[in-house]
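The values are calculated or read from the model by the stated rules, or taken from the named source; none is laboratory data. No experiment lies behind these values; they were computed from the predicted model shown. With ideal geometry, Cβ positions are generated from the backbone for all residues, glycine too; neighbour counts draw on all protein chains shown.
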Amino acid sequence: MKVAIDHIVLNVRDVERALTFYTEVIGLSAERVEKFRAGELPFPSLRVSDDSIIDLLPPEIWGGGEPGETRTNVNHFCLAFDAASWPALEQRLKGAAVEYELGPVTLSGARGDGTSVYIRDPEGNRVELRHYE
């Protein structure tokens, strides 16, 4: 079974400030920024490697942004499985009585569109599980 971190999603109050920090200070390259700024996409991404990205969600998506508000910074993380491992993963989830919060749905990730489901781990963290064809 091959598994990799596909993407991490951060809730940020100021997307432009986050983009500047991650591109100019950390040295990552930004993707989809112009389409985000033009209102064509809901958020931009940062390329970590060929196989992983960081998505920057603005307050409109995660429902926050109020001064002094309590929130988590990590919206969710995504683990990408090879397609051959997917049926066994689904069986393990079913056997453990893990319910899908969302999915299966087709969503964009580090390597394009894939099939995803969202679950909660025992600590309540939101985890996206996906495979690419």
Query raised in the report: Within region 24-42, how many residues are modelled with pLDDT of 90 or more and either under 25 Å from V3 (Cα atoms) or among the β-branched types (V, I, T) (or both)?
Result: 4
Query raised in the report: With respect to the numbered conditions (1) out of contact with any Gly (no Cβ under 9 Å at 6 or more places or on another chain); (2) in contact (Cβ under 8 Å) with a residue 60 or more places away in the chain; (3) of a type in the set (D, E, K, R), which one is the sole condition not fulfilled by R130?
Result: (1)
Query raised in the report: Can you name every residue in region 1-44 that is crowded, with 16+ Cβ neighbours inside 10 Å, under 24 Å from H131 (Cα atoms), hydrophobic (A, V, I, L, M, F, W, C) and in contact (Cβ under 8 Å) with a residue 40 or more places away in the chain?
Result: I8, V9, L10
Report task. Could you tell me whether any residue of region 84-101 is outside any helix (DSSP H, G or I), surrounded by 10 or more Cβ atoms within 10 Å (Cβ to Cβ) and touching a Phe, Trp or Tyr at 6+ places or on another chain (Cβ under 8 Å)? Result -> yes
Query raised in the report: Filter region 61-83 for residues that are at pLDDT 90 or above and among the aliphatic types (A, V, I, L, M); which is surrounded by the fewest Cβ atoms within 10 Å (Cβ to Cβ)?
Result: A83
Query - Candidate set: region 89-133, residues that are out of contact with any helix residue (DSSP H, G or I) (no Cβ under 7 Å at 6 or more places or on another chain) and acidic (D, E); chosen: the one modelled with the lowest pLDDT - result: E123
Requested in this report: Could you give me the residue pairs with C-beta distances under 6 Å whose first residue belongs to region 112-127 and is at negative phi, whose second residue is assigned to a loop (DSSP other than H, G, I, E, B) wherever it lies, and which are 6+ apart or on separate chains?
Outcome: G114/Y132; V117/Y100; Y118/E101; I119/V98; V127/D121
Query raised in the report: Does region 111-123 include one or more residues that are exposed (fewer than 11 other Cβ atoms within 10 Å of the Cβ) and in a strand (DSSP E or B)?
Result: yes
